Number of protein chains: 2
Amino acid sequence: MKFATLANGHLDGRLVIVSYDQHLACDAHDIAPSLLDALQRWDTVALALQARSDALNTGQAADAFVFDPQQCLAPLPRSPQWLDGSAFLNHMQLMERAFNTPPMPKGDTVPVMYQGASDDFLGPHADVPLPSEADGIDFEGEFGVVVGPVPMAATPAEALAAVRLVVQINDWSLRALGPHEMQTGFGFLQAKPSTAFAPVAVTPDELGAAWHNGRVHMHLKVERNGERFGEPHGREMGFGFGELVAHAARTRRLTAGCIVGSGTVSNAARSAGSACLAERRVIEMIDQGAASTPFMRFGERVRMQALFEDGSAGPFGSIDQQVVPLAAGRGG
Amino acid sequence: MKFATLANGHLDGRLVIVSYDQHLACDAHDIAPSLLDALQRWDTVALALQARSDALNTGQAADAFVFDPQQCLAPLPRSPQWLDGSAFLNHMQLMERAFNTPPMPKGDTVPVMYQGASDDFLGPHADVPLPSEADGIDFEGEFGVVVGPVPMAATPAEALAAVRLVVQINDWSLRALGPHEMQTGFGFLQAKPSTAFAPVAVTPDELGAAWHNGRVHMHLKVERNGERFGEPHGREMGFGFGELVAHAARTRRLTAGCIVGSGTVSNAARSAGSACLAERRVIEMIDQGAASTPFMRFGERVRMQALFEDGSAGPFGSIDQQVVPLAAGRGG
């Protein structure tokens, strides 16, 4: 099943089901008013949602309408928790090499993960208002999962079984603010403004063979201002989503709707390019002695779309956003 | 005004107004179903809530009932964000001295703050299920504020003006897991299980002169298993709540209901005692060469209550919790 969320004045938005080809959608709010509500009552509503999805895909949904990703909010405009790993070890190793820092302690056996804000996610085409270009504005292309309830101390297998949906993410980052927040040991806060999501959240079966070993086996194609920036592949995650979700649940239960991210998709092969500016800048430092790629300026755009192995478009739709200056009175 | 939340099967619980003497309560869910809803529509509902509160305190509330803190959930069982500072610089300096670590970078000019989970807060008398005593189970007595909407890049004065409620907090911590998470730079995650709250959230005017300079000028009395542990005073915050909230809002807007904490209340005078085990253990290391106070074992209790300068009971009620082992099947 494919789900999206339209604005209706409520914080959780209005749930719609999206057709397999993403051309059509139909209402589902008589089954569950929002995607968060559906996740909270999944065992009760999943069959009815599947029946509605089947009707839509066989031309039998009475109220089908043209699906317009431009109108979408994030599939979950707010979620109980947003926990983002850094599971692509190539990315971490590049950062360590460039900055000559010691290896992440236990970096290949214990995931690293930070807790982000989950109350104010950005839709796939929403402008990104930020206070200053001097903060080092960067994007981070990621995959993520949305879980049902996960008990405290769940095993990775139990955690993986709790995955309900797969999502595609742009974890906006402010690189000038990150190093200080890492040095404090308290982790990222100001360095992580609102995170954005592709319009369509999908059940894992929609990915077919591309959902394998707790990883999304797809390319993440990233374009900056219409130019190719990279298309790293999801298979090189050092930890699968089962391990990441279990890490998050070690000393807390996760409630339905929590989102766990992969961290920046990154591949060892330089030809794959990168899914964030910081990684390309690090490669430039290593290869050329200095970073030459600038961070984002106001007015610039980034587009991200997942592709199957054969190059066909993935099921998430695309993220396509512009960075804009925080206007007076904006952001309240 | 004083607010509390009772269970009603919904994630946000049912709002009640508590009398000045905390003996009585009355329903307010016809005005706002939950405290979170009231905060989201504060300008619309505040006058009606005040009128209901006045009626309760003058014996004119038709449906008044005996207030039982044992039945209370956290005032906000879930909130949009939970952002916890470490604003008592004495606490931080003690930690640095004991572990011979360099001073927190910019520690006296820039607040440190981590983002915690905000979807599953514990009520004031709820058991605290945790997976292992070996994790170094500790409490942290704190004050906190609940804000209305705060625009991105708000000034400290604007941030302070957005404070709607003051709360009392026990930020449960797992000390054996903290150092690794600080070393990664990604911050606390497993080291911070669900946070607990005293039953009553109050508007700042309820504190009278004890709400001053963006700080809670009250003692926080902490007892472990019925024995005095400390009663440090809130006045020694190195940053006021205006500065803390503005720090949190530097690159993000805060939505109504976000909670910002002070960090462990701590005083320079050793006679004040401590509000967490880690700080007492650090003092023992400094003064006696080794820590002798053990972390919490299953079955132990901690009680926390704020007191006015004259020793009279504060308006928050008390937190009184027992740590229990995570049972098979529990936590889901």
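The values are calculated or read from the model by the stated rules, or taken from the named source; none is laboratory data. Everything numeric in this text was worked out from a predicted model, so none of it was measured. Every residue, glycine as well, gets a Cβ built from its backbone with ideal geometry; the counts of neighbours run over all protein chains shown. Side chains are part of the model used for accessible areas, which takes the heavy atoms of the whole protein and leaves out ligands, DNA and RNA. Shrake-Rupley method; radii C 1.70, N 1.55, O 1.52, S 1.80 Å.
Separation of the range B:62-115 from the range A:111-168 is 24 Å, based on Cα centroids.
Computed from point charges on the beta carbon alone (+1 for Lys and Arg, -1 for Asp and Glu), the dipole magnitude for the range B:235-306 about its Cα centre is near 300 Debye.
Taking B:Ala154, B:Ala46, B:Ala74 in turn, the Gaussian network model of chain B (Cα-Cα springs below 10 Å) assigns the largest fluctuation to B:Ala46.
Toward the positive end of the charge dipole of chain A, with +1 on the Cβ of Lys and Arg and -1 on the Cβ of Asp and Glu, the farthest Cα among A:Ala46, A:Ala64, A:Gly261 is that of A:Gly261.
Computed on protein heavy atoms with a 1.4 Å probe, the accessible areas place A:Phe241, A:Phe295 in the order A:Phe295, A:Phe241, largest first. Ignoring ligands, DNA and RNA, what percent of the accessible area of chain A is carbon or sulfur (1.4 Å)? Heavy-atom surface of chain A belonging to carbon and sulfur, 1.4 Å probe: 53 percent. Each Cα pair under 8 Å and six or more residues apart adds its separation to the average, and for the range B:53-161 the resulting relative contact order is 31 percent. Across peptide B:246-252, the mean count of Cβ atoms from other chains lying within 10 Å of each residue's own Cβ comes to 6. Specify whether the C-alpha gyration tensor of the range A:216-261 places it in the rounded, prolate or oblate class, a ≥ b ≥ c being the square roots of the eigenvalues: rounded for a/c under 1.5, otherwise prolate if a/b is larger than b/c and oblate if not. Judged from the Cα gyration tensor, the range A:216-261 comes out prolate (a/c at least 1.5, a/b above b/c).
Which order do the peptides B:25-35, B:140-150, B:59-69 come out in when sorted by mean C-beta neighbours inside 10 angstrom, highest first? Don't skip to the answer; put the middle values down first.
On the way: B:25-35: 19.8, B:140-150: 25.1, B:59-69: 13.4.
Going from most to least packed, we get B:140-150, B:25-35, B:59-69.
All C-alpha to C-alpha distances of the protein assembly as shown, sorted into 10 Å bins beginning at zero, yield P(r) values of 3, 16, 26, 27, 18, 8, 2, 0 percent in whole numbers. Based on a Kirkwood Rh over C-alpha pairs, give the Stokes-Einstein translational diffusion coefficient of the range A:1-118 at 37 °C and viscosity 0.692 mPa s in µm²/s. The estimated diffusion coefficient comes to 196 µm²/s.
Give me the summed buried accessible area for the B-A pair, 1.4 Å probe, to the nearest 100 Å². If you can, show how the numbers build up before the last one.
On the way: alone 14400 and 14420 Å², together 24010 Å².
Separately minus together, B and A give about 4800 Å² buried.
For the segment A:173-179, counting C-beta atoms of other chains within 10 Å of every residue's C-beta and taking the mean gives 1.
What dipole magnitude, in Debye to the nearest 20, does the range B:198-262 give about its Cα centre under +1 on Lys/Arg Cβ and -1 on Asp/Glu Cβ? Can you show the working numbers first?
Details: 8 positive and 7 negative charges, 62 e Å.
It comes to approximately 300 debye.
With N as its number of residues, the range B:112-175 has a Cα radius of gyration that, divided by 2.2 N^0.38 Å, comes to 1.42.
Taking all protein chains together and a 1.4 Å probe, the residues A:Thr293, B:Thr255, A:Thr44 rank A:Thr44, B:Thr255, A:Thr293 from largest to smallest accessible area. Treating the range A:60-190 as a set of equal point scatterers at the Cα positions, no solvent, please give the Debye-formula log₁₀ I(q)/I(0) at q = 0.11, 0.15, 0.19 Å⁻¹. So the normalised log intensities are -0.53, -0.94, -1.37.
With +1 assigned to the C-beta of every Lys and Arg and -1 to the C-beta of every Asp and Glu, and no other charges, what is the dipole magnitude of the range B:108-201 about the Cα centre in debye, to the nearest 20? Can you show the working numbers first?
Values: 3 positive and 12 negative charges, 51 e Å.
I would put it at about 240 debye.
Each listed q (0.15, 0.21, 0.23, 0.29 Å⁻¹) maps to a log10 I(q)/I(0) for the range B:283-326, found by the Debye formula over equal Cα scatterers with no solvent: -0.66, -0.81, -0.81, -0.91.
Accessible area per residue for the protein assembly as shown is 36 Å², calculated with a 1.4 Å probe on protein heavy atoms, without ligands, DNA or RNA. Sorting the Cα pairs of the range B:166-272 by distance into bins of 10 Å, from 0 upward, gives 12, 35, 41, 12, 0 percent per bin. Here B:Lys106 is the anchor, and the lysines within straight C-alpha reach of less than 29 Å, apart from those fewer than 8 places off in the same chain, are A:Lys106, A:Lys192, B:Lys192. Which whole-percent values make up P(r) of chain B when all C-alpha to C-alpha distances are grouped in 10 Å steps starting at zero? P(r) for chain B, in whole percents per bin: 6, 27, 36, 23, 7, 1, 0.
Calculated mean residue ellipticity at 222 nm for the protein assembly as shown: -5500 deg cm²/dmol, from DSSP H runs with n ≥ 4 weighted as -39500 (n - 2.57), summed, divided by the residue count and rounded to 500.
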